[in-house]
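J.: Provided herewith is a single structure, encoded as structure tokens, for subsequent inquiry.
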Amino acid sequence: MEYSDKVMDHFANPRNTGRIENPSGQGTVGNPTCGDLMTIYIDVDDNDVIQDIKFETFGCGAAIATSSMITEMAVGMPIEDALKISRNDVADELDGLPPVKMHCSNLAADALRAAIDDYKQKNQ
Ligand code: FES
């Protein structure tokens with residue numbers, strides 16, 4: 001299976017790369033399959049809505065594309081909805097990923113959840 005046009009677009013022009021200084025929450029996860037790393041930063045407003053989100057990754061093209069995609073999906077979402085974004089949701093939004101690359105989309109979904117957990121812990 002080839003990469004979809006959407007995957008290639010997000011890989012070539014990733015959205016929301018970089019970091020947020022003093023984020024509401026941040027999460028870093030490693031992918032045990034390949035050793036790649038991903039960090040997601042979020043800014044959350046008083047209504048628990050994600051206002052800004054950025055990512056940094058040492059990862060493959062599929063990891064970059066899925067991270068870029070998940071930042072576009074999650075911005076403007078209440079955190080409880082963002083927690084429900086699954087790797088399959090991200091892959092669907094990208095018009096599919098090759099099966100051998102599905103593990104790469106775990107990084108984005110897991111890092112987002114870790115960032116939200118971090119935010120919740122700081123705000124309890
Ligand atoms: Fe490591 Fe894709 S090969 S995240």
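Values in this text are rule-based calculations from the coordinates and carry no lab data. As the structure is a computational prediction, the values presented were derived from the model and not from experiment. So basically every Cβ, Gly included, is an ideal-geometry build from the backbone, and we count neighbours across all protein chains shown.
J.: Exactly one condition in (1) among the small types (G, A, S); (2) free of Cβ contacts under 8 Å to residues at least 24 places away in the same chain; (3) surrounded by 22 or more Cβ atoms within 10 Å (Cβ to Cβ) is false for S68; which is it?
T.: Unmet condition: (2).
J.: Quick test for you: out of D43, D89, pick the one residue that is among the charged types (D, E, K, R) and in contact with a strand residue (DSSP E or B) (Cβ under 9 Å, 6 or more places away or on another chain). Spell out the reasoning first.
T.: On the way: D89 fails: in contact with a strand residue (DSSP E or B) (Cβ under 9 Å, 6 or more places away or on another chain).
Step by step, each of D43, D89 is checked, and only D43 is among the charged types (D, E, K, R) and in contact with a strand residue (DSSP E or B) (Cβ under 9 Å, 6 or more places away or on another chain).
J.: Please go through region 1-45 and give me each residue that is buried (at least 21 other Cβ atoms within 10 Å of the Cβ), assigned to a helix (DSSP H, G or I) and aromatic (F, W, Y), ordered by number.
T.: Selection gives nothing.
J.: Right, another one. Would you check if there is a residue in region 92-104 being in a helix (DSSP H, G or I), in contact with a Ser or Thr (Cβ under 8 Å, 6 or more places away or on another chain) and either within 13 Å of the ligand (Cβ to nearest atom) or not acidic (D, E) (or both)?
T.: Taking region 92-104 first, the residues in a helix (DSSP H, G or I) are 92-93, 99-104.
So of that shortlist, the ones also in contact with a Ser or Thr (Cβ under 8 Å, 6 or more places away or on another chain) come out as 103-104.
After this cut, where a residue has to be either within 13 Å of the ligand (Cβ to nearest atom) or not acidic (D, E) (or both) as well, the list is 103-104.
Yes, some residue in region 92-104 is in a helix (DSSP H, G or I), in contact with a Ser or Thr (Cβ under 8 Å, 6 or more places away or on another chain) and either within 13 Å of the ligand (Cβ to nearest atom) or not acidic (D, E) (or both).
J.: Just to be sure I understand, how many residues within region 84-124 are acidic (D, E) and within 18 Å of R15 (Cβ to Cβ)? Outline the logic, then answer.
T.: Our first condition is that a residue be acidic (D, E); within region 84-124, this holds for 89, 92-93, 95, 110, 117-118.
Right, trim to within 18 Å of R15 (Cβ to Cβ) and you get 89, 92-93, 95.
Residues that pass the stated criteria total 4.
J.: Among the candidates T57, T33, single out the residue that is over 13 Å from the mean Cα position of the chain (by Cα), hydroxyl-bearing (S, T, Y) and within 16 Å of the ligand (Cβ to nearest atom).
T.: On the way: T57 fails: over 13 Å from the mean Cα position of the chain (by Cα).
After applying the criteria, what remains is T33.
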